[in-house]
1. Residue-wise, which Karplus ³J(HN,Hα) couplings in Hz belong to the stretch 230-238, taking 6.51 cos²θ - 1.76 cosθ + 1.60, θ = phi - 60°, and x for glycine or proline?
2. Kindly put 222, 40 in sequence by how many other C-beta atoms sit within 10 Å of each C-beta, fewest to most.
3. Tell me, 153, 25, 254 in order of fewest to most beta-carbon neighbours within 10 Å?
4. For a quick check: sort 184, 142 by the number of other beta carbons within 10 angstrom, fewest at the front.
5. Gap in Å between the Cα centre of the stretch 80-99 and the Cα centre of the stretch 200-229?
6. From the phi angles alone, apply the Karplus equation (6.51, -1.76, 1.60; θ = phi - 60°) to the stretch 219-229 and give each ³J(HN,Hα) in whole Hz, x where the residue is Gly or Pro.
7. What nm distance separates the two modelled labels at residue 66 and residue 88, each placed 7 Å from Cα along Cα→Cβ?
8. Where a ≥ b ≥ c are the square roots of the eigenvalues of the C-alpha gyration tensor, would you call the stretch 53-196 rounded, which needs a/c under 1.5, or, failing that, prolate if a/b is larger than b/c, or oblate?
Amino acid sequence: VTQSPVCRSYSHPQHDQTLFEERYLRYISPLGKGNFGSVELCRYDPLGDNTGELVAVKKLQSNKQSNLEDFQKEVNTLHVLHCDYIVKYKGVCYSMGRLSMSLVMEYLPYGSLIGYLEKNKHNINTRRMLLFASQICKGMEYLQSLRYVHRDLAARNILVASETLVKIADFGLTKVIPHNKDYYRVTQPGESPIFWYAPESITESRFSQKSDVWSFGVVLHEIFSYCDISFNPKRLYMQEIGHNVLGTSISVHLANLLKGNWRLPPPLNCPPKVRLLCAVETVVFSEYFLIFAIVSKSDLWRNDFLIC
Ligand SMILES: N#CCCn1cc(-c2nc(Nc3ccc(C4CCNCC4)cc3)nc3c2CCN3)cn1
């Protein structure tokens with residue numbers, strides 16, 4: 001009997017964080033780069049006989065105090081998230097006498113959607129794409145139930161656990177919305193993934209559940225483009241903006257493009273029903289609406305949500 005998917009909004013009383021001893025963490029290979037750190041495949045092998053489990057270890061990039069504080073926040077965030085559609089926290093590993101730390105997570109064998117969709121495009125149909133999209137919605141609905149905004153929802157941060165399961169990863173930019181507000185304003189926007197940003201995030205550094213909904217729309221575009229590099233959102237926007245603009249003003253050009261109602265072109269072979277729904281007035285992460293909600297009275301109304 002398959003267990004029904006689980007997303008628990010309470011977290012069991014956690015004692016201390018599960019500690020992994022550095023001496024048993026055997027490096028195997030690089031897996032990728034996230035916010036504030038690189039991710040490596042390791043085997044945690046205390047018996048030393050290669051029977052230990054494979055884990056994904058995110059190492060803090062630099063020992064700058066601010067990065068260490070942000071990294072600790074990422075660890076604390078992942079630690080309390082218990083959902084089948086969010087990558088699982090396993091523990092932490094301290095090194096250099098607690099001066100540095102690593103985040104130990106479950107290893108997902110198929111990597112991110114970016115490589116997986118492009119590599120398997122010939123045997124992934126619309127049904128499987130919509131299954132992945134609905135799982136991202138459920139993970140995001142769980143995140144929203146805890147008042148988190150992810151702020152970096154993109155196909156590169158969606159990991160493939162199996163042919164029928166994807167999970168949200170990389171909580172390096174995740175913030176909690178204060179109880180007296182419905183958005184989070186970022187003071188020092190670092191390296192920002194602006195091509196996945198909602199208009200208000202670009203112009204006012206304002207992030208909310210609705211801005212995550214916008215980013216989900218860009219992820220939908222990536223999924224239905226099979227994450228083909230030539231249809232990458234950044235490339236499509238830059239083609240429209242023009243490559244000869246200077247760094248700082250790219251976000252100004254992007255904001256004006258969106259304000260002028262220019263939108264990403266519908267992905268090639270995008271099923272008419274999905275294209276129609278992409279143009280829907282709003283999208284909410286809700287398990288009642290399989291993937292797209294048409295009109296809903298929830299406060300996630302986006303009347304500018306026209307990704308395609
Ligand atoms: N955070 C964040 C974003 C950055 N990021 C996260 C991971 C990650 N990757 C995996 N698994 C993984 C990754 C790549 C491959 C292959 C793909 C083909 N080419 C060779 C490598 C295989 C399996 N499992 C994870 C994670 C985090 C938790 N569990 C990697 N980058």
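Readers should treat all values here as calculations from the given coordinates under stated rules, not as data from a laboratory. For clarity, every value in this text was computed on a predicted model and none was experimentally measured. Here the Cβ positions follow ideal geometry from the backbone for every residue, glycine too, while neighbour counts run over all protein chains shown.
1. Calculated HN-Hα couplings, in order: 6, 10, 4, x, 4, 5, 5, 5, 5 Hz.
2. On the way: 222 24, 40 18.
So the ranking, lowest neighbour count to highest, is 40, 222.
3. Fewest-to-most Cβ neighbours within 10 Å comes out as 25, 254, 153.
4. Ascending Cβ contact count within 10 Å gives the list 184, 142.
5. 26
6. 5, 4, 4, 5, 4, 7, 9, 6, 6, 5, 4
7. 3.6
8. Numbers: a/c = 1.86, a/b = 1.32, b/c = 1.41.
Oblate is the answer for the stretch 53-196, as a/c is 1.5 or above yet b/c matches or exceeds a/b.
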